[in-house]
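Student: Got a structure here, written out as structure tokens. Questions coming.
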Amino acid sequence: MAGEVWTIGKLLKWTEDYFTKAGLDTPRLDGEVLLCHVLKKERIHLYVHFDQPLTKEELAQYKACIKERVQHKPVAHIVGHKEFMGLDFKVNEATLIPRPDTEILVEAVISRLKTGQEGVGTIADIGTGSGAICLSLLNYLPNLKAVTVDISPEAIEVAKENAELLGLSDRVEFCQGDMLEPIKDRRFTAIISNPPYIPEGDIAGLEPDVRDFEPISALVAGPDGLDFYRRLVAGAGNMIADDGFLALEIGINQAKALEALGQEHGWGRCEIVKDLAGIDRVVILWKQK
Ligand code: SAM
Ligand code: GLN
């Protein structure tokens, strides 16, 4: 790269080829997001300034980002944040990067809290990570309050920071601890969780971006991936108001097991919500029929 003039357009094309050869899934998008990070600009800037040359410093900083990305470090970790539900969340190696799939869970909860409870009440978010789920809910339901739990103190620090940045700190309480344990004597309008759900044996086969960079404790859930669901389904019933529900993100082929767990533990109606690919993605267990 030294000596040559590198414009935004030329650099993006070069990156796309380089990332494609490196086997990355979204080479163009990754290059654009990294370049925006270096230039501190929105993506639209890249398109209207295709011929803008980069300074030496910008080029050096971009090169460092490229180097990290070809080693499969996730883009969100390189730039330090990720968009979720139209909001910006700080993330780091202690938090799962919020996934688009999880927006299905948040949207399902918003629509049910809006019609049923006028958005009033307190929800609990178990395994909050960056705070993506509960802070989005608070942002879109202005009368809601939330309590969040995570086993990881480092993740809670990130979630607290996100609450500050989004101006939501006064409506959320943070608890460090094991699943329902720190809040077991309280009652909620709903309990929501995207717990770890990957079977131990599947971890080795995950994408390197996930396997080598995201916290394993955010992903793995015993031999069949159901460890955390068993605890939530068994324990949450007494902590939810009579017209309330437990809403869970699930992995591929886990819906039947969740339905059976719900029946075993005396839950009422079981709703299953599919994602955009038609895969069962969310299970909602209502306290009543
Ligand atoms: N809610 C975030 C999201 O959807 O992006 C993060 C979900 S991540 C799949 C699961 C989270 O559960 C991680 O933040 C992890 O630290 C937390 N976790 C793992 N074991 C836990 C436990 N025993 N008690 C509470 N939280 C736990
Ligand atoms: N959907 C995540 C993944 O792709 C898994 C998250 C979880 O275990 N809750 O790796």
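The values are calculated or read from the model by the stated rules, or taken from the named source; none is laboratory data. This structure is a prediction, so every number in the text was calculated from the model and none was measured. Neighbour counts run over all protein chains shown; Cβ positions are idealised from the backbone, glycine included. Only protein heavy atoms, including side chains, enter the accessible area calculation; ligands, DNA and RNA are left aside. Shrake-Rupley method; radii C 1.70, N 1.55, O 1.52, S 1.80 Å.
Student: For the chain, just say rounded, prolate or oblate: build the C-alpha gyration tensor, square-root its eigenvalues into a ≥ b ≥ c, call rounded for a/c under 1.5, and beyond that prolate if a/b exceeds b/c, oblate if not.
Tutor: Prolate, since a/c reaches 1.5 and a/b exceeds b/c.
Student: If you don't mind, there's one more thing I want to ask. With the crude spin-label approximation of a point 7 Å out along Cα→Cβ, what separation in nm comes out for TYR18 versus HIS72?
Tutor: 2.0
Student: Which order do peptides 127-137, 21-31, 45-55 fall in by mean Cβ count within 10 Å, highest first?
Tutor: 127-137, 21-31, 45-55
Student: Taking only protein heavy atoms and a 1.4 Å probe, what accessible area per residue, in Å², does the chain have with all protein chains in place?
Tutor: On a per-residue basis, 48 Å².
Student: How much of the DSSP beta bridge set in the chain is antiparallel, as a percent to the nearest 5?
Tutor: 40
Student: With r as the distance between the Cβ atoms of GLU107 and ALA241 and R0 = 22 Å, compute the FRET efficiency 1/(1 + (r/R0)^6) and round to 0.05.
Tutor: 0.55
Student: Stretch VAL48-LEU206 to full length: gain in nm at 0.36 nm per residue minus the Cα-Cα span?
Tutor: Value of the extension gain: 53.1 nm.
Student: Between ASP275 and ALA60, what is the spin-label point distance in nm, taking each point 7 Å from the Cα along the Cα→C-beta axis?
Tutor: Modelled inter-label distance: 4.1 nm.
Student: Could you name the lysines whose alpha carbon sits less than 22 Å from that of LYS289, not counting residues in the same chain fewer than 8 places away?
Tutor: Straight-line reach from LYS289, under 22 Å: LYS114, LYS256, LYS274.
Student: Calculate the length of the line joining the C-alpha centroid of segment 220-254 to that of segment 103-177, in whole Å.
Tutor: Answer, in whole Å: 17.
Student: About the Cα centre, and with charges only on the beta carbon of Lys, Arg (+1) and Asp, Glu (-1), how big is the dipole of segment 1-152? Nearest 20 debye, please.
Tutor: Numbers: 18 positive and 20 negative charges, 35 e Å.
Computed about the Cα centre, the dipole is about 160 debye.
Student: Ok, one more. GLU58 accessible area, nearest 10 Å², 1.4 Å probe?
Tutor: Here the residue's solvent-accessible area equals roughly 50 Å².
Student: Can you give the relative contact order of the chain as a percent, counting alpha carbon pairs under 8 Å and 6+ residues apart?
Tutor: Value for the chain: 13 percent.
Student: Using DSSP to call loops (not H, G, I, E or B), can you name the GluC sites (Glu not before Pro) in segment 10-55 whose Cβ has at most 15 other Cβ atoms within 10 angstrom?
Tutor: Sites meeting the loop and neighbour criteria: GLU42.
Student: Right, another one. Dipole size in debye (nearest 20) for the chain around its Cα centre, Lys and Arg Cβ +1, Asp and Glu Cβ -1? Don't jump to the answer; show the numbers that get you there.
Tutor: Numbers: 32 positive and 45 negative charges, 83 e Å.
Its charge dipole is roughly 400 debye.
Student: Mean Kyte-Doolittle of at least -0.5 plus a Cα span of 30 Å or more along the axis: flag which DSSP H helices in the chain meet both, please.
Tutor: none
Student: While we're on this one: Show me, for segment 82-98, the HN-Hα J-couplings you get by feeding each phi into the Karplus relation (A = 6.51, B = -1.76, C = 1.60, θ = phi - 60°), rounded to Hz, glycine and proline as x.
Tutor: 8, 7, 8, 6, x, 10, 9, 10, 5, 9, 8, 5, 8, 10, 5, 6, x
Student: Continuing with this model, one more query. In nanometres, what is the gap between the two model label sites at LYS184 and ASN143, each 7 Å from Cα along Cα-to-Cβ?
Tutor: Roughly 3.3 nm, to one decimal.
Student: Taking the alpha-carbon distance from LYS21 and a cut-off under 19 Å, which lysines remain once sequence neighbours fewer than 8 residues away in the same chain are dropped?
Tutor: LYS10, LYS13, LYS63, LYS67, LYS73
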